[in-house]
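Here, each number is a calculation from the coordinates, and none is a lab measurement. As the structure is a prediction and not an experimental result, all values here were calculated from the model. Positions of Cβ are generated from backbone atoms using ideal geometry, with glycine treated the same way; all protein chains shown enter the neighbour counts.
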Amino acid sequence: MLTPPPANSGNDAPLKPGSQLSQFISQHLPTALAAKGRVGIIARSSSSPVLEFLSEHRSALIHAVAEVRIVLLEASDKGVSGLIERLSLVSAAPIRHASRPRLIDAHEQLVMGDLWCWYGDSMRRDPRKRDAFASFSAGNAELARLAWLSFNRIWQVSDALPSVGAGIPAAATETASALAIAVAARREPLSRQ
């Protein structure tokens, strides 16, 4: 029997253009890195606000020797190169491409350590037109555990990227709208066979 996730100990609210997310990262990232230096991100593209705000803390990520893993729905060679530079990553190894069409229904996500997570809007929605709803949770170990479970599952079914400069596969540069059409046409199962 499945049990519903625990009630959110944080706030669910319409997101003002970045301010709440930026404050959430600034407030909780240092503690998360000190406790357990790992961060997981699922984002629509390398220019997603969650990655922009996280890049403001790249020195903290470097000093904490944090494990940062990122799953992108849209992964262009130029975007991945810029992301590696902004976050001071050694390579594209911790970045994967969510190439499966059904993953467009996933929500953007940030998990920091074992107590903090954020869920953003569905990646299907156009970032310029969406309502930018977000859910913040601080201090809820069970919700963070469930967030890591979902992140790790999406990580497992996403594709590793070739080294930057070798060219990102054409499939990785498809737009979200092309993926949405593929969802209706293919109905591909989430698990790998």
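Couplings for the range 146-162, taken from phi via the Karplus curve 6.51 cos²θ - 1.76 cosθ + 1.60 with θ = phi - 60°, read 5, 5, 5, 4, 5, 4, 4, 5, 5, 4, 5, 8, 8, 8, 5, 8, x Hz in order; Gly and Pro are left as x. Based on alpha-carbon centroids, what's the gap between the range 38-94 and the range 137-161 in Å, whole number please? If we compute the Cα centre of each part, the gap is 16 Å.
Modelled this way, with points 7 Å down the Cα-to-C-beta line, the labels at S122 and L149 are 2.3 nm from one another. Residues in the range 65-80 carry Karplus couplings, in order, of 6, 6, 8, 10, 10, 10, 10, 10, 6, 10, 10, 8, 4, 5, x, 5 Hz; the curve used is 6.51 cos²θ - 1.76 cosθ + 1.60 with θ = phi - 60°, and Gly or Pro positions show x. Taking 0.36 nm per residue of separation and subtracting the Cα-Cα distance, full extension of the segment from A35 to E142 would add 36.9 nm.
Taking label points 7 Å from Cα along the Cα-to-Cβ direction, Q27 and I62 give a separation of 2.8 nm.
Amide H to amide H distances under 5 Å link V68 with V39, where only residues 5 or more positions off or on other chains count and H is placed in the peptide plane.
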